[in-house]
Amino acid sequence: MYILIESHIPFIRGLAESAGHKVDYLNPEEFTPERVKDADALIVRTRTRCDAALLEGSKVRTIATATIGTDHIDLDYCRQNGIQVHNAPGCNAPAVAQYVLSVIGRFKPDCRCLGIVGVGHVGSIVKKWADANGIKTLMCDPPRALAEGSENYVSLEVIAKNCDVITFHVPLDNSTRHIINKDFLELTSDDSLIINAARGAVADTAALLATDRSLAIDCWEGEPAINRRLLEKALVATPHIAGYSLEGKQRATAMALRAIDPSIELPLPTFAESPTLASIIGSYDPVRDSLRLKQSPETFEKQRNTYDYRSEPR
């Protein structure tokens, strides 16, 4: 099998080759129709857009993304053309929870109520760790409420009115685009802290610029060309690295390789069930990453690609 692998994916070099596959490593911008046409499989990240413009006329039949999200892949096109798509669900969920609880522990240790919008892999761990540390939580997840019953879930309006920290962990689709908007922010309390570690377009940049709420932003509209005014305004501003733990990257790489060739066996690191807030804070300081980005925003992509992966709390 001929596999093209995005060069910035960590811990992956040599593994597919050892299983007998032909492999080339490309930077995201090097994934062109000419390079892709003879490949059987691709292993990518979010910077590689996989759609008809890239894939039409190619031999590609499998795409694995070493990420949770798939909004960089045209799933309808792939489905219609017999291309299997695999992502890495939950791979970086503990790392994003680490990010969220580290921000809360540093800037809102007296949190009255944490609102979790989107309770999938990430949101579920955020809730579990918050519960373990005595932090009251409310959950908003309309698809889960529809499937499971609404007794454990509340509306986004209730979250806005009752929570002084609100963290978002939703996929990006038509129902979540700009869910953090002017109307939502006006419902929140003056001392609210809003955390976006989901997708950049979940938040309306104009609305964020106009609000006086505290902001912790890891995902940005238009990244890597992020809004410099919003960068300066944010309490915490990081270059889309909330999920960048050592263990999370190991999980993502293992899951992507297994999707291409199930014979490639790599262990999936476990994560802490109920770490203390002190251990979470001690395991990661988002302020350092924030200061680095604020000092050098033009290197957003370089900071992301050369990030020194942190360890998750134990």
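Annotations
- Residue count, region 54-88 (criterion: in contact with a Phe, Trp or Tyr (Cβ under 9 Å, 6 or more places away or on another chain) and surrounded by fewer than 19 Cβ atoms within 10 Å (Cβ to Cβ)): 2
- Looking across region 17-48, the residues that are hydrophobic (A, V, I, L, M, F, W, C) and under 22 Å from residue 82 (Cβ atoms) come down to 31, 36, 39, 41, 42, 43, 44.
- Pairs with Cβ under 7 Å, 6+ apart, first in region 144-160 and in the same structural domain as residue 121 (by TED's automatic domain parsing) and surrounded by 11 or more Cβ atoms within 10 Å (Cβ to Cβ), second acidic (Asp, Glu) and outside any helix (DSSP H, G or I): 153/141
- Answer residue from region 161-187, given it is among the polar types (S, T, N, Q) and surrounded by fewer than 17 Cβ atoms within 10 Å (Cβ to Cβ) and is modelled with the highest pLDDT among those: 181
- In region 1-48, counting only strands (runs of 3 or more DSSP E) that sit wholly within it, the ones holding 2 or more residues that are more than 21 Å from the chain's Cα centre (by Cα) and surrounded by fewer than 19 Cβ atoms within 10 Å (Cβ to Cβ) span 22-26.
- Of the residues in region 190-201, at least one is among the acidic types (Asp, Glu), surrounded by fewer than 17 Cβ atoms within 10 Å (Cβ to Cβ), in contact (Cβ under 8 Å) with a residue 24 or more places away in the chain and in the same structural domain as residue 221 (by TED's automatic domain parsing).
- Criterion (of a type in the set (Phe, Trp, Tyr) and within 16 Å of the chain's Cα centre (by Cα)) met by exactly one of 107, 168: 168
- When residue 91 is tested against the conditions (1) buried (at least 23 other Cβ atoms within 10 Å of the Cβ); (2) not in a loop (DSSP other than H, G, I, E, B), the lone failure is (2).
So that you can scan it fast, the table gives a plain yes or no per residue for (1) of a type in the set (D, E, K, R); (2) closer than 18 Å to residue 43 by Cα; (3) assigned by TED's automatic domain parsing to the domain that holds residue 100:
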site	(1), (2), (3)
247	yes, no, no
255	no, yes, no
265	yes, yes, no
271	no, no, no
286	no, no, yes
295	no, no, yes
300	no, no, yes
310	yes, no, no
314	yes, no, no
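The values are calculated or read from the model by the stated rules, or taken from the named source; none is laboratory data. From a predicted model like this one, the values you see are computed outputs, not experimental measurements. As a convention, Cβ positions derive from the backbone with ideal geometry for all residues, glycine included, and neighbour counts pool all protein chains shown.
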